[in-house]
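Everything below concerns the one structure shown next.
Every number here is computed from the coordinates shown, using simple stated rules; none is lab data. This structure is a prediction, so every number in the text was calculated from the model and none was measured. No Cβ is skipped: glycine too gets one built from the backbone with ideal geometry, and neighbour counts run over all protein chains shown.
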Amino acid sequence: MSTEYDVIVIGGGPAGYPCAIRAGQNKLKVACIDEWQNRDGSYAFGGTCLNAGCIPSKALLESSELFHRAQHEFASHGIGTGAVQIDVAAMQARKGKIVKQSTMGILALFKSAGVTGLQGHGKLIAGNKVEFTAKDGAKQVLSAKHVVLASGSAPMQLKSVPFDGDQVVDSWGALEFGAVPRKVGVIGAGVIGLELGSVWRRLGADVIVLEALENFLPMADGAVAKEALRHFQKQGLDVRLGAKVTGCEKSKDGVLLQFTDAKGAQSVVVEKVVVAIGRRPYTTELLGEGTGVELDERGFVKVDHECRTGAANVWAVGDVVRGPMLAHKGKEEGVVVADLIAGKIGEVNYNLVPSVIYTAPEIAWVGQTEEQVKASGQAYKVGTFPFMASGRARAMEAAAGFCKVIASKDDDQILGVHVIGPMAGELIGEAVLAMEYSASTEDLQRTMHAHPTLSEALHEAALNADKLAIDIPNR
Ligand code: FAD
Ligand code: AMP
C-alpha cells in the first residue's frame, strides 16, 4: 500500500466519497478512509446516508406507503385484494438489499476513478499527515498534500432518555425494527422524526410525536407547514407541539415517557421510543495535537466559504461543517473542494440548497419562505396552484397539497418555491435550476410544460403570481 498521496479524504459518506471520486477524475492520487461498521461488524462505504439514513429510510417509506395505499386506495381504483398483509422481515430484507447495492456500488466507482479505498480509522496529525489504523489494528502514517475531513455527524442523545438500543433507539434503530410496535413515541418533529413516524404509522403503529417547539416545521413556509400538519394529523400521527420530553421510566411492558406541555406534567406509555432531536458533528479521535484545525462552540470544524479550515491544505466538508445536514449539500462541497485542490474553479451556492421531507404528501422547497421575504421588507407577489386542479395528480389519487412561487414585485425574480404534494422532491429540481439561473416568473410562465404532468402545477403557480393561471380562477 502506498503511503504518499495528493489527497486523503477521511470519511466515505456522501460528502467524502464524491470528493475522492472527483479528485481521482482530476488525476490526483487519492485515498478515502472510512470506518463505518454495520451491526454485523462488516465495513461499508457510504456513511450515514447510504447505510442508516437517506437510502434505508426511503426504502421503508416506499414499502409503508404501498402498504397504506393497498389498504386504503386500491378499492377506489376497482382493485380488490382481500386482507393486505405486511411481512416486516421481507420488507427489511428488501431494504438491506438496496443498501448493499448502493454501498457496493461505491467500490466500483472508486475503482473506475482510481481511488484507493481504505477501511479503518483516520486521524489527522501534525504536519498534515494522517495516522491510519487498519481493521486489524495495524497503524501506519500516510502523507498527503491535501487532507479533506468528511467525518459526518452522529445522533444527539437526550440525557433524560438515554439510548439502550432496544426500547429507546436512534434513527438507525428505528429503521431496524423487526416487527410493527404497538405504540411508538417519537421525540422531535424534525425531518427525521416525521419520516420515521410516518413509516411506522402507515404500518399500523400508534405514533405520538412530541415536539418541544410550539411551531410545527418552523423552517418551512408557514402555509406549507400548516397544510402538512393537517395531513399528518388526518393520517393519525398524534403530533403534540410545545411538548418537552423530560424523562422516562422503563419496564418490560414499555416506556413511560414524561413530558411537559401547556397543561403541565404529562406522560404516555409506548413500546418503542425514537429519539430524533437532531445530530451533532462527529469528530471523535479525528484530530491529533497541533493540527491547527479548530472547532466552533457547537463542535463543528471551522471552515471558510470554500471549506478551508485554519490549517493550510486541510479542508472539511459535509455534516461536520456548518450549514444544513443534508447529503446533497455535502456532495456539492466535496466535489467543489476536489476541484479547488486541482486548481479548477468551484463554488457552492448555499442560498439554493433544496430541502425535501419524504412524507406523504411530500414536502420540498428552495429559497426563501414567505415569512422570510416579508421580514426582509422586499415587495413580493405569490402564486399558488392546488394539486386538486392537476389532472395528473387526480389520476394518481394524490391531489393533496399545492405549489407556491414567491417572486420579487420589482424585477419578477423568483425568491422561493414551496411544494407540498406528489413527487415534491422531484418537482423542486426545476425550481432549483430556474433559481440558479436567476429566472423570473415570466421565464417559468413562457416555458412549455408537458401535459398532463405534475410539473404543470409549478407552471400554473408561476402564472398565478401574475393572475394569469389558466386552470384555476386567479385570486
Ligand atoms: P456521514 O454520512 O455521516 O459519513 C461520514 C463517514 O465518515 C461515516 O462512514 C463515518 O463512519 C466515517 N468516519 C467518521 N470519522 C472517521 C474517522 N476518523 N476515520 C474514518 N472514518 C470516519 N439527507 C438528505 O439529503 N436526504 C435525506 O433523505 C436524508 N435522510 C436521512 C435520514 C436519516 C434517518 C438520517 C439519520 C439522515 C438523513 N439525511 C438525509 C442526512 C444525511 O444522511 C447526512 O447529511 C449525510 O450522510 C452527511 O454526509 P457526510 O458524508 O458529511 O457524513
Ligand atoms: P431536527 O433538528 O430538525 O432534526 O429536529 C429535532 C427536533 O427535536 C427539534 O424540532 C427540537 O425542537 C426537538 N426537540 C429537542 N429536544 C426535545 C425534547 N426534549 N422534547 C421534545 N422535542 C425536542
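Key figures for this structure:
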| read-out | value |
| --- | --- |
| Matching residues in the stretch 154-187 - criterion: being within 13 Å of ligand 2 (Cβ to nearest atom), touching a residue at least 40 places away in the same chain (Cβ under 8 Å) and either among the aromatic types (Phe, Trp, Tyr) or assigned to a loop (DSSP other than H, G, I, E, B) (or both) | 156, 157, 160, 170 |
| Single residue of 320, 314 found to be within 16 Å of ligand 1 (Cβ to nearest atom) and within 23 Å of the chain's Cα centre (by Cα) | 320 |
| Selection count, the stretch 437-475, where residues are out of contact with any helix residue (DSSP H, G or I) (no Cβ under 7 Å at 6 or more places or on another chain), buried (at least 16 other Cβ atoms within 10 Å of the Cβ) and hydroxyl-bearing (Ser, Thr, Tyr) | 1 |
| Residue in the stretch 385-403 that is within 27 Å of residue 219 (Cβ to Cβ), touching a Pro at 6+ places or on another chain (Cβ under 8 Å) and of a type in the set (Ser, Thr, Tyr) present | yes |
| Verdict on residue 198 being hydroxyl-bearing (Ser, Thr, Tyr) and either under 30 Å from residue 336 (Cα atoms) or away from ligand 1 (no atom under 16 Å from the Cβ) (or both) | no |
| Strands (runs of 3 or more DSSP E) completely within the stretch 258-348 that count 2 or more residues being more than 28 Å from residue 159 (Cα to Cα) and either in contact (Cβ under 8 Å) with a residue 40 or more places away in the chain or among the small types (Gly, Ala, Ser) (or both) | 314-316 |
| Unmet criterion (only one of (1) over 20 Å from residue 121 (Cβ atoms); (2) of a type outside the set (A, V, I, L, M, F, W, C); (3) under 21 Å from the mean Cα position of the chain (by Cα)) for residue 13 | (1) |
| Residue selected from the stretch 188-228 under the condition of a type in the set (Lys, Arg) and more than 20 Å from residue 372 (Cα to Cα), by the criterion nearest to ligand 2 (Cβ to nearest atom) | 201 |
| Those helices (runs of 4 or more DSSP H) lying entirely in the stretch 398-475 with at least 3 residues farther than 28 Å from residue 377 by Cβ and of a type in the set (Gly, Ala, Ser) | 424-436 |
| Of all residues making up the stretch 74-94, the number that are among the small types (Gly, Ala, Ser) and over 24 Å from residue 181 (Cα atoms) | 4 |
| Selected residue [among the hydrophobic types (A, V, I, L, M, F, W, C), more than 14 Å from ligand 1 (Cβ to nearest atom) and crowded, with 22+ Cβ neighbours inside 10 Å] from 180, 130, 168, 147 | 168 |
| Matching residues in the stretch 230-277 - criterion: being within 14 Å of ligand 2 (Cβ to nearest atom) and among the hydroxyl-bearing types (Ser, Thr, Tyr) | 246, 260, 267 |
| From 13, 114, residue being surrounded by fewer than 20 Cβ atoms within 10 Å (Cβ to Cβ) and either more than 9 Å from ligand 1 (Cβ to nearest atom) or closer than 30 Å to residue 360 by Cβ (or both) | 114 |
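Residues checked against (1) in contact with a Lys or Arg (Cβ under 7 Å, 6 or more places away or on another chain); (2) of a type in the set (A, V, I, L, M, F, W, C):
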position	(1), (2)
264	no, no
281	no, no
292	no, no
301	no, yes
305	no, no
320	no, yes
323	yes, no
329	no, no
